[in-house]
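The values are calculated or read from the model by the stated rules, or taken from the named source; none is laboratory data. Here the structure is a predicted model, which is why all the values come from computation and not from measurement. Cβ coordinates were reconstructed from backbone atoms using ideal geometry, including for glycine residues, and neighbour counts include every protein chain displayed.
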Amino acid sequence: MGVVPLALKASMDRVSAEVDQGFDRLLPVPGDSRARLFEAMRHAAIGGGKRLRPLLVRASADLFHVDRVPALRVGLAIEAIHVYSLIHDDLPCMDDDDVRRGRPTVHKAYDEATAVLAGDSLHAIAFEILADPETHPDPFVRCELLAELAKAAGPVGMAGGQMMDLMADGAAFDLAAVTRLQQLKTGALIGFCLEAGAILGHVPPEGRRAIRAYSRDLGLAFQIADDLLDVEGSAEVTGKAVGKDADAGKATFVSLLGVERARQQAEILVDQAIGHLAAHGTEATLLRSIARYVVERDR
């Protein structure tokens, strides 16, 4: 991976610290029999990870001149959804992974029942955050955020994409099917992150075309980069198992396109994503940097 630009690294570090502080405040360990549940949630949510989704919310909020606090709270909500999905994806009944972010997965560090409840609880907390007037004083904004996150996380979004992924083992998926799978499994939540900044900024749907186009191209580029890491990366660097898609016989962008064509396609998508921001000036600097980072990262 190339060197992360200093400005982007500073933004990433700040958002990561804010997310960790937010989860630390949200998840104090109680002095009763729920303690194990809260410890498991903290194990999964605090420390590690790119925090790309909260960073995207922050970057989208910058585009529409939204204050930092609402963007941080929405970023915390989307990260809670993301972490819940990782906990459940790692379970033996799903992807059966032992390591996540360089640490034992929750069901390994605790047990399967605790992992299920930890994921369920983080899912619930995400919507609790968005429903709180502290996130935004306008109830219509809060309702739209709630509705859009529910859609992105549910059967027409992430959960639907995960079901397609479970059905993909050994299946003869073509490029269109893999693209659709990833648009749901990965792209829907990324799309919400970028839509959220517009919602917080009271931008009407017709004013969101450029940010939606950016999110579509960015989401696919991100997944292609993930597929490349599964082929070319190492567990020590990525913090999770690699090579599992090939072992399972799953069709991916890399298996269908080959390494070089996949890398070229990711770079084309990044250029397109940045092109969608042509009407914006310095307020889109962070979004442009994130797009370039997506295909250069090593984890």
> So how many residues does region 46-79 have that are on the phi > 0 side of the Ramachandran plot and among the charged types (D, E, K, R)?
Replying inline: 1
> Taking interchain pairs and intrachain pairs at least six residues apart, which have beta carbon atoms under 7 angstrom, with the first residue in region 91-103 and in contact (Cβ under 8 Å) with a residue 24 or more places away in the chain and the second assigned to a strand (DSSP E or B)?
Replying inline: D98/P104
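Listed here are the residues, each with its yes/no results for (1) in a loop (DSSP other than H, G, I, E, B); (2) surrounded by 22 or more Cβ atoms within 10 Å (Cβ to Cβ); (3) not hydrophobic (A, V, I, L, M, F, W, C).
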{"site": "L55", "(1), (2), (3)": "no, yes, no"}
{"site": "A59", "(1), (2), (3)": "no, yes, no"}
{"site": "D62", "(1), (2), (3)": "no, no, yes"}
{"site": "V69", "(1), (2), (3)": "no, no, no"}
{"site": "G119", "(1), (2), (3)": "no, yes, yes"}
{"site": "I125", "(1), (2), (3)": "no, no, no"}
{"site": "V141", "(1), (2), (3)": "no, no, no"}
{"site": "L145", "(1), (2), (3)": "no, yes, no"}
>> Of everything in region 85-101, what is closer than 13 Å to G49 by Cβ and surrounded by fewer than 15 Cβ atoms within 10 Å (Cβ to Cβ)? Give them in sequence order.
In response: none
> Within region 165-187, is there a residue that is within 15 Å of I78 (Cβ to Cβ), outside any helix (DSSP H, G or I), at pLDDT 90 or above and of a type outside the set (A, V, I, L, M, F, W, C)?
Replying inline: no
>> I'd like to check something: does region 173-187 contain any residue that is surrounded by fewer than 13 Cβ atoms within 10 Å (Cβ to Cβ), of a type in the set (D, E, K, R) and on the phi < 0 side of the Ramachandran plot?
In response: yes
> Restricting region 211-249 to residues that are at pLDDT 90 or above and surrounded by fewer than 18 Cβ atoms within 10 Å (Cβ to Cβ), which is nearest to P54 (Cα to Cα)?
Replying inline: R212
> Name the residues in region 9-44 that are among the aromatic types (F, W, Y) and under 14 Å from E79 (Cα atoms), would you?
Replying inline: F23
> Hey, among G22, G47, G75, which residue is at pLDDT below 95 and either in a helix (DSSP H, G or I) or touching an Asp or Glu at 6+ places or on another chain (Cβ under 7 Å) (or both)?
Replying inline: G47
> Just checking, how many residues over region 38-51 are surrounded by fewer than 20 Cβ atoms within 10 Å (Cβ to Cβ) and in contact (Cβ under 8 Å) with a residue 40 or more places away in the chain?
Replying inline: 4
